[in-house]
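The values are calculated or read from the model by the stated rules, or taken from the named source; none is laboratory data. Predicted model only: the values in this text are computed from it and were never measured. Positions of Cβ are generated from backbone atoms using ideal geometry, with glycine treated the same way; all protein chains shown enter the neighbour counts.
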């Protein structure tokens, strides 16, 4: 009953026409950490299940993000480790965030990204990534749109 009520509440938010995921990423030494935020209703459509704050939802979302968010360092693909995740709101829209970490064998000087979250669900999906290289807070922005599955590379 609580699950059905929670799922019903998630569907009561006003509809949104924008299909976008936003990521803030920090690169420091050999560690890359990202916080990925997606509209919860969009994520539910992609997963074909309600996304609530329970172990099964967290696991499903974590697996989905790992399958659709790729990081390389100097051409070598890094292994994602999902650290946390949960629900939040952005204005009047429920969102879901996931905290992901990748560790490289050496300090990251060439970062490659492929961010395909929700591409298979929405033909107008956009994924925005803001990257901050530390120390020094050197900032870069990347934009991914559905249909474009190429890697984007940043050199620091």
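Assuming residue 62 fulfils every condition listed in (1) assigned to a helix (DSSP H, G or I); (2) touching a strand residue (DSSP E or B) at 6+ places or on another chain (Cβ under 7 Å); (3) without any contact (Cβ under 8 Å) to a residue 24 or more places away in the chain apart from one, which condition is it?
(3) is the only condition that residue 62 fails.
Given the criterion within 17 Å of residue 31 (Cα to Cα), touching a residue at least 40 places away in the same chain (Cβ under 8 Å) and crowded, with 16+ Cβ neighbours inside 10 Å, identify the matching residue among 115, 95, 110, 100.
Only one candidate qualifies: 100.
Could you tell me whether any residue of region 108-126 is on the phi < 0 side of the Ramachandran plot and at pLDDT below 95?
The answer is no; no qualifying residue exists.
Among 118, 113, which is the only one that is part of a loop (DSSP other than H, G, I, E, B) and within 12 Å of the chain's Cα centre (by Cα)?
Testing whether each residue is part of a loop (DSSP other than H, G, I, E, B) and within 12 Å of the chain's Cα centre (by Cα) leaves just 118.
For the structure I just gave you, tell me whether residue 97 is modelled with pLDDT of 95 or more, in contact with a strand residue (DSSP E or B) (Cβ under 7 Å, 6 or more places away or on another chain) and either in a loop (DSSP other than H, G, I, E, B) or farther than 18 Å from residue 48 by Cα (or both).
No: the conditions fail for residue 97.
If you check every pair at least six apart or on different chains, which have Cβ atoms under 9 Å apart with a residue in region 129-143 that is over 14 Å from residue 22 (Cβ atoms) first and a residue that is modelled with pLDDT under 95 and part of a strand (DSSP E or B) second?
none
Only one of (1) closer than 22 Å to residue 52 by Cβ; (2) in a strand (DSSP E or B); (3) touching a residue at least 40 places away in the same chain (Cβ under 8 Å) fails for residue 84. Which number is that?
Tallying (1) closer than 22 Å to residue 52 by Cβ; (2) in a strand (DSSP E or B); (3) touching a residue at least 40 places away in the same chain (Cβ under 8 Å), residue 84 fails exactly one: (3).
Could you tell me which numbered condition residue 71 fails, if it satisfies all but one of (1) out of contact with any strand residue (DSSP E or B) (no Cβ under 8 Å at 6 or more places or on another chain); (2) buried (at least 17 other Cβ atoms within 10 Å of the Cβ); (3) not in a loop (DSSP other than H, G, I, E, B)?
Every listed condition holds for residue 71 apart from (1).
Do you know which of the residues in region 40-57 that are crowded, with 21+ Cβ neighbours inside 10 Å and touching a strand residue (DSSP E or B) at 6+ places or on another chain (Cβ under 6 Å) is farthest from residue 16 (Cα to Cα)?
This residue is 51.
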